[in-house]
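Heads up: the structure comes next, in structure tokens.
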Ligand SMILES: Cc1cc2nc3c(=O)[nH]c(=O)nc-3n(C[C@H](O)[C@H](O)[C@H](O)COP(=O)(O)OP(=O)(O)OC[C@H]3O[C@@H](n4cnc5c(N)ncnc54)[C@H](O)[C@@H]3O)c2cc1C
Ligand code: FES
């Protein structure tokens with residue numbers, strides 16, 4: 001069992017959980033993820049480490065409540081425990097020697113962008129962060145990003161309730177046009193990463209994306225997370241989650257993400273009838 005030592009609600013649908021896991025905390029690097037099970041009856045879900053302390057033996061993740069498992073997770077509190085936490089999984093994000101980098105974090109992708117931007121800055125890269133959300137209420141970790149040694153933090157919201165009223169691709173394009181970046185990293189919904197990669201492609205700015213295909217075992221055995229990258233079929237869990245954004249087949253990724261939509265809807269509906277609060 002993995003004891004939960006703290007929880008925090010960051011917005012109506014986004015939650016943060018800190019779990020005691022000393023052996024995992026000793027090894028995590030930015031960009032890696034874990035797979036957890038809430039209880040015996042639960043499915044395995046992947047979530048990215050948003051922070052950790054090897055000295056204190058804890059790891060933290062941030063998740064959006066989208067279906068049955070994340071809903072169950074959102075009801076747990078300090079003193080409860082998770083049945084399994086496996087990790088760190090996946091390859092760490094490449095940091096250092098990148099030069100001037102734009103790290104784009106969209107929605108809950110900000111939780112992954114945070115340790116990545118921190119690690120890049122610590123490795124000597126000059127980091128501009130572009131944070132995007134639909135509105136102010138959904139914007140997360142702004143204070144944490146402001147505390148990092150960044151070149152700049154650009155905040156965008158779709159409705160203009162915080163920062164610029166723009167999509168993240170607008171400031172990204174401006175940086176490309178100004179010749180101000182050598183590399184881009186985009187983390188968020190597949191559609192956002194697709195358009196970030198399309199933006200930087202025109203300027204030949206190398207772009208890394210952190211993909212989130214459906215995962216089951218997380219060890220390269222089941223094939224659930226396969227993604228097409230250029231001429232290759234690769235596995236998100238062991239070859240990624242980071243890939244060259246200019247080579248990823250995003251249409252295939254988005255269609256494979258929806259493969260279990262019917263089952264997920266049924267599970268959410270069943271759970272909703274058992275749970276006192278509503279899932280969405
Ligand atoms: C490497 C990786 C890192 C991720 N990191 C984060 C994170 O830090 N924060 C966060 O909020 N979300 C993250 N996700 C997505 C997260 O795993 C899903 O939101 C979660 O599994 C949904 O489960 P559910 O039962 O609540 O919802 P469901 O109703 O079961 O599913 C809702 C949607 O979530 C996705 N999903 C469902 N099951 C899986 C699965 N086993 N693997 C991958 N995606 C799935 C599908 O797109 C699905 O349509 C990550 C995914 C991957 C692959
Ligand atoms: S999750 Fe099974 S191969 Fe990647």
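Overview of values
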item	result
Unmet criterion (only one of (1) within 12 Å of ligand 1 (Cβ to nearest atom); (2) more than 27 Å from residue 133 (Cα to Cα); (3) at pLDDT 95 or above) for residue 57	(1)
Strands (runs of 3 or more DSSP E) lying entirely in region 24-142 (those with 2 or more residues that are in contact with a strand residue (DSSP E or B) (Cβ under 7 Å, 6 or more places away or on another chain) and within 16 Å of ligand 2 (Cβ to nearest atom))	33-37, 45-53, 84-89
Yes/no for residue 68 being in contact with a helix residue (DSSP H, G or I) (Cβ under 6 Å, 6 or more places away or on another chain), in contact (Cβ under 8 Å) with a residue 12 or more places away in the chain, within 15 Å of ligand 1 (Cβ to nearest atom) and more than 27 Å from residue 127 (Cα to Cα)	yes
From 146, 134, residue being surrounded by fewer than 21 Cβ atoms within 10 Å (Cβ to Cβ) and within 18 Å of the chain's Cα centre (by Cα)	134
Entirely in region 176-280, the helices (runs of 4 or more DSSP H) that have 2 or more residues that are more than 16 Å from ligand 2 (Cβ to nearest atom), assigned by TED's automatic domain parsing to the domain that holds residue 103 and buried (at least 16 other Cβ atoms within 10 Å of the Cβ)	190-201
Pair list, Cβ < 6 Å and 6+ apart or interchain, from region 202-221 residues that are on the phi > 0 side of the Ramachandran plot to residues that are within 13 Å of ligand 1 (Cβ to nearest atom) and in a strand (DSSP E or B)	218/35; 218/89; 220/235
Residue list for region 71-86, filter: modelled with pLDDT of 95 or more and touching a helix residue (DSSP H, G or I) at 6+ places or on another chain (Cβ under 9 Å)	82, 85, 86
Counted residues, region 146-175 - those being farther than 12 Å from residue 105 by Cα, in a helix (DSSP H, G or I) and touching a helix residue (DSSP H, G or I) at 6+ places or on another chain (Cβ under 7 Å)	1
Flag if residue 97 is over 17 Å from residue 214 (Cα atoms), outside the structural domain of residue 28 (by TED's automatic domain parsing) and either away from ligand 1 (no atom under 16 Å from the Cβ) or in contact with a helix residue (DSSP H, G or I) (Cβ under 7 Å, 6 or more places away or on another chain) (or both)	yes
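The values are calculated or read from the model by the stated rules, or taken from the named source; none is laboratory data. Since this is a predicted model, take the numbers as computed values, not measurements. Neighbour counts run over all protein chains shown; Cβ positions are idealised from the backbone, glycine included.
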